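Let me begin by presenting the structure, written as structure tokens, before commenting on it.
Only the coordinates and a few stated rules stand behind these numbers; no lab work does. Owing to the predicted nature of the structure, the values given are computational and were not obtained by experimental measurement. Here the Cβ is made from the backbone with ideal geometry for all residues, glycine too, and neighbour counts use every protein chain on show.
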Amino acid sequence: MRRALVTGAAGFLGSHLCEHLLARDWEVVGMDNFITGDERNLEALRENPRFSFVRHDVTQFIHLAGPLDGVFHFASPASPIDYLRIPIQTMKVGALGTHNCLGLAMAKHARFLIASTSECYGDPLVHPQPEDYYGNVNPVGPRGCYDEAKRFAEALTMAYHRHHNLETRIVRIFNTYGPRMRLDDGRVLPAFIGQALRGEALSVFGTGQQTRSFCYVDDLIEGIYRLFESDEVYPTNVGNPREMTILEFAQKVQEAIGSDVPLEYHPMPENDPKVRQPDIAKARELLGWEPQIELEDGIQRCLDYFRRRVQEQLKP
Ligand code: NAD
Ligand code: UDP
């Protein structure tokens, strides 16, 4: 049986990855300090005897007994309002946290995978974004703390690969959604669904003409697992290439919920990328992977989860 460490296990993607690894017969150690995570994301995992959990801040040295075959480094604030609130922790987990996880992978002779991001492309000047585009990131803007930490993490990962021959994988994740996202994490899907379910106006930033491409979590995790099992060392985009404007997305949410709440326009956040769409030709060819779940279906799959969260929120 293979044994993995998943950092960020109490978060949205980390908890889904743990579930996926357990379903594939791995033994899984989850690690998290709950800075943006939620204990409830671990509930189902804790029922599995092959899952154990360690509360730890990965920016501190990681002691872990026993062998490891995989280190999946997912710990990091991921939503703009989170990393704007805790920019220094964000830089530390991308830099020191990645360093500790790479050191642990070296010591255990484990394969390492880093959850990187489409933010590496910044406000892109090439569209859609292929992996060989170097990006257009403002290092000193408000999003710099996240974007540059991830770019540093990618560079450090390649240095460990080249200098120490460590087996490494880098996935560039594009906007992903699904159950276990925090209702108040500020990302556009939980924000709009929460607002529509509460009968509030949808908060559109700017004119809503900026675009994003949304991937359902099950599709994403399958792509990441295939990348982990592949031989590919260089960054690989995993995301859904179906692109739409935020206004079109607002309409999709309205249709899914059967709501007709109005739109409310807010100022555009600084350096908010104007377009984003993954070029997934590499993942298609290399991993035989492409997303299967359409946005309309994906929204339906997470509506019950968000309804429960809204009900809890509205309880007196
Ligand atoms: P999340 O906030 O739900 O999960 C991140 C988890 O990491 C949280 O549980 C948090 O408590 C934990 N964490 C943060 N700092 C830590 C530290 N120092 N020590 C231990 N635990 C720590 O976010 P998510 O959406 O699940 O994102 C997971 C990973 O995927 C992140 O690395 C993020 O950058 C990357 N990513 C996500 C998306 C997306 O659309 N969700 C897109 C691109 C990249
Ligand atoms: N957005 C919006 N209203 C919200 C939250 C986000 O219009 O309440 C927009 C945001 O400006 C961005 C897009 O939706 O253009 C996606 O934002 P999100 O925070 O989900 O992720 P990002 O892709 O910017 O990291």
Inset, instruction - Take peptides 202-214, 73-85, 173-185, 48-60 and line them up by average Cβ neighbours within 10 Å, highest first, as a rough protection proxy. - result: 73-85, 173-185, 202-214, 48-60
Inset, instruction - Considering only DSSP beta bridges where both residues belong to the chain, give the percentage that are antiparallel (nearest 5). - result: 10
Inset, instruction - Could you please tell me the mean projected area of the C-alpha convex hull for segment 221-296, averaged over all directions and given in square nanometres to one decimal? - result: 6.9
Inset, instruction - For K92, list the lysines whose Cα falls under 19 Å from its own Cα; do not include residues on the same chain fewer than 8 positions away. - result: K150
Inset, instruction - State, as an integer percentage, the relative contact order of the chain based on alpha-carbon contacts under 8 Å between residues 6 or more apart. - result: 17
Inset, instruction - Using only the alpha carbons, work out the radius of gyration and Dmax of segment 126-222 in angstrom. - result: 17.1, 55
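Hey, how much of the P(r) for segment 1-121 falls beyond 23 Å, as a percent of Cα pairs? Mind dumping the intermediate values first?
On the way: 1758 of 7260 pairs.
The share of Cα pairs beyond 23 Å in segment 1-121 comes to 24 percent.
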Inset, instruction - Take the alpha carbon atoms of the chain, find their radius of gyration, then divide it by 2.2 N^0.38 Å using N residues; give the quotient. - result: 0.96
Inset, instruction - Just subtract the alpha-carbon distance of M106 and L64 from 0.36 nm times their residue separation and send over the number in nm, one decimal. - result: 13.8 nm
Inset, instruction - Rounded to the nearest Å, what's the spacing between the alpha carbon centres of segment 103-117 and segment 259-306? Just the number, please. - result: 28
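Rounded, prolate or oblate: which fits segment 161-300, taking a ≥ b ≥ c as square roots of the Cα gyration tensor eigenvalues, rounded meaning a/c under 1.5, else prolate when a/b beats b/c?
On the way: a/c = 2.46, a/b = 2.01, b/c = 1.23.
Prolate, because a/c is 1.5 or more and a/b exceeds b/c.
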Inset, instruction - Enter the angle in degrees (range 0 to 90, nearest 10) between the Cα long axis of helix 188-198 and the first principal axis of the Cα atoms of the chain, meaning the one along which they spread out most. - result: 50
Inset, instruction - Calculate how large, on average over all directions, the projected area of the Cα convex hull of segment 170-211 is; give the answer in nm² to one decimal. - result: 4.0
Legend entry - Among Q251, P190, Y225 - extreme Cα towards positive end, dipole of segment 185-277, charges at beta-carbon: Q251
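Go through 156-164, 222-230 and give me the packing order, highest mean Cβ count within 10 Å leading.
Numbers: 156-164: 15.8, 222-230: 18.9.
Output ranking for 156-164, 222-230: 222-230, 156-164.
Sorted by average packing, counted as other Cβ atoms within 10 angstrom per residue and highest first, what order do 269-281, 295-307 take?
Working: 269-281: 18.1, 295-307: 16.4.
Output ranking for 269-281, 295-307: 269-281, 295-307.
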Legend entry - With Cα atoms, 0 to 90° folded angle of helix 295-314 axis to the chain main axis: 80
